[in-house]
1. Residue B:189 - would you say it is at pLDDT 95 or above, away from every other protein chain (no Cβ under 14 Å) and in a loop (DSSP other than H, G, I, E, B)?
2. Quick one: in region A:38-60, of everything that is in contact with a strand residue (DSSP E or B) (Cβ under 8 Å, 6 or more places away or on another chain) and closer than 19 Å to residue A:153 by Cα, which residue is nearest to the other protein chains (Cβ to nearest Cβ)?
3. Out of curiosity, is residue B:43 buried (at least 24 other Cβ atoms within 10 Å of the Cβ) and either assigned to a helix (DSSP H, G or I) or modelled with pLDDT of 95 or more (or both)?
4. Any chance you could count how many residues in region B:229-275 are in a helix (DSSP H, G or I), in contact (Cβ under 8 Å) with a residue 24 or more places away in the chain and farther than 17 Å from residue B:24 by Cβ?
5. Go through region B:136-183 and give me each residue that's in contact with a helix residue (DSSP H, G or I) (Cβ under 7 Å, 6 or more places away or on another chain), under 30 Å from residue B:264 (Cα atoms) and part of a loop (DSSP other than H, G, I, E, B).
6. Mind listing just one residue for me: the one in region B:130-157 that is surrounded by 24 or more Cβ atoms within 10 Å (Cβ to Cβ) and within 10 Å of chain A (Cβ to nearest Cβ) and, of those, nearest to residue B:38 (Cα to Cα)?
7. Working only within region A:26-37, note down all residues that are touching a strand residue (DSSP E or B) at 6+ places or on another chain (Cβ under 6 Å) and not in a helix (DSSP H, G or I).
8. Only one of these is at pLDDT 95 or above and not in a strand (DSSP E or B): A:23, A:13. Name it.
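The values are calculated or read from the model by the stated rules, or taken from the named source; none is laboratory data. Quantities reported herein were computed from a predicted structural model and do not represent experimental measurements. Ideal geometry is used to build each Cβ from the backbone, glycine not excepted, and the neighbour counts take in all protein chains shown.
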């Protein structure tokens, strides 16, 4: 068990060792965003911004235009929550390599409540041209993702969770930006998941194994999306998407766009259904908002039923 | 580029730039008049005297960086760059046209040496400050300039940047405020009062200078003065006349967002506005006879 934000911190340090152009900026959340790991290693390449997310994005834009590779971090509710326009104009349209880490994303932030539970970031960032959007399934993948982000020419958004979640990948698990990985083969239905819901999907597939043979896809890159692997999953005839974000416009929507255009099959979405979160402990909230393996199992059954009814 | 030091020559260049701003806006059929005309002297001073740059090698690594935060006045920058030799002057007639490098608001990826993409207000100084910070990390010698409008001082993002530059003592950064006292909805002091503006900057640990933004000697001297201030960033509050050079546009906020031919008609009817503006600039307000009239 480890929080995916740990991977962000470690990945930044790795990127910083390999490339001295890497710098880190943080908006008064250095410890909880794990930017601290980078600050300890490279104090001269760390810039404290204060509680100013618009400045976080725009100062990073200037540094990137100069030739640095800035990683900027805050809670996803504030960045890209508050500074979306600055990211759009000065980073995405301006096409500079700023790497945006949105921490404490999803409802599992828990007791902080709805203000701090970023659920719309997938939809808002996915709508932005030039932006790569990713959500790692665990801390190990988060580290690879962060290190890989440093090497791309353009802007990147990555979302990470606060809570410790099971680690399902290893150092050897393949990772490539823009390529979804099939974690479990199956022929009756497929779950396309990202973030901590990948683990829940694997549990669901395992629990259902006597009933149906379920493929599980780790779709860590929401944009540019891996249409080929999604169509492969659609060939099972029934698809469930699962994410810890609003279902409107999120990863599931992106998958439905591909399936609707290229290989229409029944799709059921697991995610937060157009409502805000609230205070509670993370487990209670994941249960209440229907983001568990049992919810994926129910969705799989609905999807398979629709497939056979056709 | 070799600096032009003769003030009379700079004034003549600025007048020609104003004429081409009118031509460019008329060709575009939309755009802003007041700000570009009001800033023609300052842009002329930068491109023909102050900046260490090379129009034939726009991305020369040691160039001074000029950021424009209030992107809507970019016609003055495009026209000045054309006059300085960055691209052929005839390109200014493509302002705001499909496929043009000269977008309605500036885009860094479309035209070399714009340094940033701007239009949404209040974000330019932060980018310039980030740039200046990064340049100082690498001990680079060039200077970073940022032109801002007074109206965009309403924006929180701008003051975040003022805090940041003050904190980090970014003495390689000089900001210029186009203090023309107008914004789209009216006079700045009615919309959201900014005064005492100099005191605000001083309180944020900036060095502050005031100049007449139409006096070349003052513009150039202020920038040189800023270079000598080592412990702080400098802001030059440049008092300008919006619409400068075209009497029926001067000091009127109604001309903020209108091109010649699209502005208020109480003095000059729409159909006559472009011709009248060019006539006034050619004759220096009726002081001399126009060449082709």
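1. Working: at pLDDT 95 or above: yes; away from every other protein chain (no Cβ under 14 Å): yes; in a loop (DSSP other than H, G, I, E, B): no.
So residue B:189 does not fit the description; no.
2. Here is the first cut: in region A:38-60, the residues in contact with a strand residue (DSSP E or B) (Cβ under 8 Å, 6 or more places away or on another chain) are A:38-39, A:42, A:45-49, A:53, A:56-57, A:59-60.
From the residues that got through so far, the ones that are closer than 19 Å to residue A:153 by Cα too are A:57, A:59-60.
Working: A:57: 8, A:59: 3, A:60: 6 Å.
Here the answer is A:59.
3. Numbers: buried (at least 24 other Cβ atoms within 10 Å of the Cβ): yes; either assigned to a helix (DSSP H, G or I) or modelled with pLDDT of 95 or more (or both): yes.
So residue B:43 passes the test.
4. Looking only at that region, the number is 1.
5. Selection gives B:150, B:180, B:181.
6. Here the residue is B:146.
7. Of all residues in region A:26-37, those touching a strand residue (DSSP E or B) at 6+ places or on another chain (Cβ under 6 Å) come to A:26-27, A:29, A:33, A:35.
Within region A:26-37, A:26, A:27, A:29, A:33 meet the criteria.
8. Values: A:23 fails: not in a strand (DSSP E or B).
Within the list A:23, A:13, the selection yields A:13.
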